[in-house]
Amino acid sequence: MLFDNFTLILLAVIATATLLPAQGQGAEFFNGLTVAAIALLFFMHGAKLSRQAIIAGATHWRLHLLVFGCTFVMFPLLGLAAKPLLLPLLGEKLYMGVLFLCVLPGTVQSAIAFTALAGGNVPAAVCSASASSILGIILTPLLVALLMQVDASEGSSPLSSIGAISMQLLLPFVLGHSLRPLIGRWVDKHKKQLSRLDQTSILLVVYTALSASVVEGLWHTVSPMALTLLTGVCCLLLAVVLLLTAWLGRSFGFSREDQITIVFGGSKKSMATGVPMAQVLFAGPLLGPALLPLMIFHQIQLMVCAVMAQHYARQGAGLTATD
C-alpha cells in the first residue's frame, strides 16, 4: 500500500492543525510536550545504537564519505542549481523551504529499515545514518546561514542555533547511548513498540509546528496550485537523487549490499530531526513554508523507497536462486 497508516494519520493531523490549531495556553502546552517527546525520541535513538554496530560499520569509511557527500553536498548543490527555476515557480518562502530540506541530515529509522528489507549492509547503514543525524546538528545550521545568506531566525546566530539544537537533540542522544549498558537489552526487546514512539513524536511535532504556522496565516500565503507545484518539485528532486546515488554507488565499485545502503542512506531526509531544527532556525511566518517541502518529500520518499526495497529484495532472492 502506497498510503500506509502513518501517512493517513499524518494527513489527519495536518487537517486538524488547519481546522483546530493550538493557540494560547494550548499552544504552550503542546510546545512543552513536543520538546519532551523529541528529547525522548533521541534518547531512544541513542539507546538503540550498539557499540558493535558502530565498530562493524565504521570500517566502511568510503561508503560513509559518499553518503555524507550526497546528504550535505550533492543535495544542497541541487537546491542551489534549481534556484533560477524554483524561485519564480514557488516563490521565495517555499524555495527557502526546499533549500532547507536539501541541507537536512538523513533519516535513521527508515534508512536502516529499508536497507535491511532490501538486503543491504545494515551495520554500515546504522553507523552512517546515526553519524549523519549527529553531524547535521552542526552542519545544517551552518549551511542554512551560508546558503540563505542571512540567519533565518531573527537575532539568532549559527552558533546559538547549534547550541539550542544540541541541547534538544544531541544531549538526549548521548545520554541514551551512555545508558545503553543498563537499558540496551530492554530497548532491543521492545523495538517494535518503540518504533511507534518515532511516529507519535513526529505527529506531535508536526501538529505543534503547523498550528503555529496556521495561526500566522500559512494557508493565506500558500495556494493549492503552489502545493501542487511543490509536490511535483519534491518528486523530481527525489528521482534525481535516487538516480545519482545509484550511479555513484556503481561508479565507485561498491558491492551490491553497499550500493543499497548508499541509495537509501544518501537519498532520504529526516522529519524527526528537521521539524525541531526548523522551529529553532525559522521565525514566525517562515516556519510553515520551511516545513511544507519536508512533509511532502518525507511521505514521497517513504512510498517510493518501500517499493524500491521490495524490488531489491526480489532481485536478491533471484540472484541467490541463480547461484
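The values are calculated or read from the model by the stated rules, or taken from the named source; none is laboratory data. Being a predicted model, the structure only gives us computed values, none of them experimental. Glycine gets a Cβ as well: all are built from the backbone with ideal geometry, and neighbour counts include every protein chain shown. All accessible areas refer to the heavy atoms of the entire protein, side chains included, with ligands and DNA or RNA removed. Shrake-Rupley method; radii C 1.70, N 1.55, O 1.52, S 1.80 Å.
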TODO: With a point put 7 Å past each Cα toward its Cβ, work out how far residue 83 is from residue 23 in nm, to one decimal.
DONE: 3.8
TODO: In whole angstrom, note down how far apart the Cα centers of the range 103-129 and the range 251-319 are.
DONE: 10
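Write down the accessible area per residue of the chain in Å², having rolled a 1.4 Å probe over the full set of protein chains. Mind showing how you got there, number by number?
Numbers: 14830 Å² over 323 residues.
So the chain comes to 46 Å² accessible per residue, rounded to a whole number.
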- [ ] Please provide three numbers in whole Å: the alpha-carbon extents of the range 17-134 along the principal axes, with the largest listed first.
- [x] 48, 41, 23
TODO: Based solely on C-alpha atoms, express the radius of gyration and the Dmax of the range 174-323 in angstrom.
DONE: 19.2, 60
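For the chain, what's the relative contact order in percent, using C-alpha pairs closer than 8 Å and at least 6 residues apart? Walk me through the numbers on the way to the answer.
On the way: 404 pairs, mean separation 110.9, N = 323.
Relative contact order here is 34 percent.
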- [ ] Among the lysines, select those whose C-alpha is under 28 Å from the C-alpha of residue 48, and discard any that sit fewer than 8 residues away in the same chain.
- [x] 189, 191, 192, 268, 269
Task: Solvent-accessible area, 1.4 Å probe, carbon plus sulfur percent, for the range 1-152 - done: 73
Task: Rh (Kirkwood; distinct C-alpha pairs) - the range 225-304, Å - done: 14.0
Task: Values of log10 I(q)/I(0), in the order q = 0.14, 0.19, 0.31 Å⁻¹, for the range 1-51 under a Debye, Cα-only, solvent-free model - done: -0.59, -0.86, -1.01
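If the range 156-234 were replaced by its equivalent ellipsoid, with semi-axes equal to the square roots of 5 times the Cα gyration tensor eigenvalues, what would those be, largest first, whole Å? If you can, show how the numbers build up before the last one.
Values: eigenvalues 237, 78, 27 Å².
Listed largest to smallest, the semi-axes of the range 156-234 are 34, 20, 12 Å.
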Open item on the list: If I take every Cα pair under 8 Å that is 6 or more residues apart in the range 1-107, average their sequence separation and divide by the length, what percent do I get for the relative contact order?
Closed with: 23
Open item on the list: Please list the three semi-axes, largest first and in whole Å, of the ellipsoid equivalent to the range 264-323, using sqrt of 5 times the eigenvalues of its alpha carbon gyration tensor.
Closed with: 37, 10, 6
Task: Compactness of the range 157-197 - radius of gyration and Dmax, Cα, Å - done: 13.8, 42
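Would you mind getting the Kirkwood hydrodynamic radius of the range 87-206 from its Cα pairs, rounded to one decimal in Å?
Across the range 87-206, the inverse of the average 1/r is 16.6 Å.
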Task: Alpha-carbon radius of gyration plus Dmax, which is the widest Cα pair, for the chain in Å - done: 19.0, 64
Open item on the list: If the elastic network links every pair of Cα atoms under 10 Å, which of 215, 108, 144 fluctuates the most in the Gaussian network model of the chain?
Closed with: 215
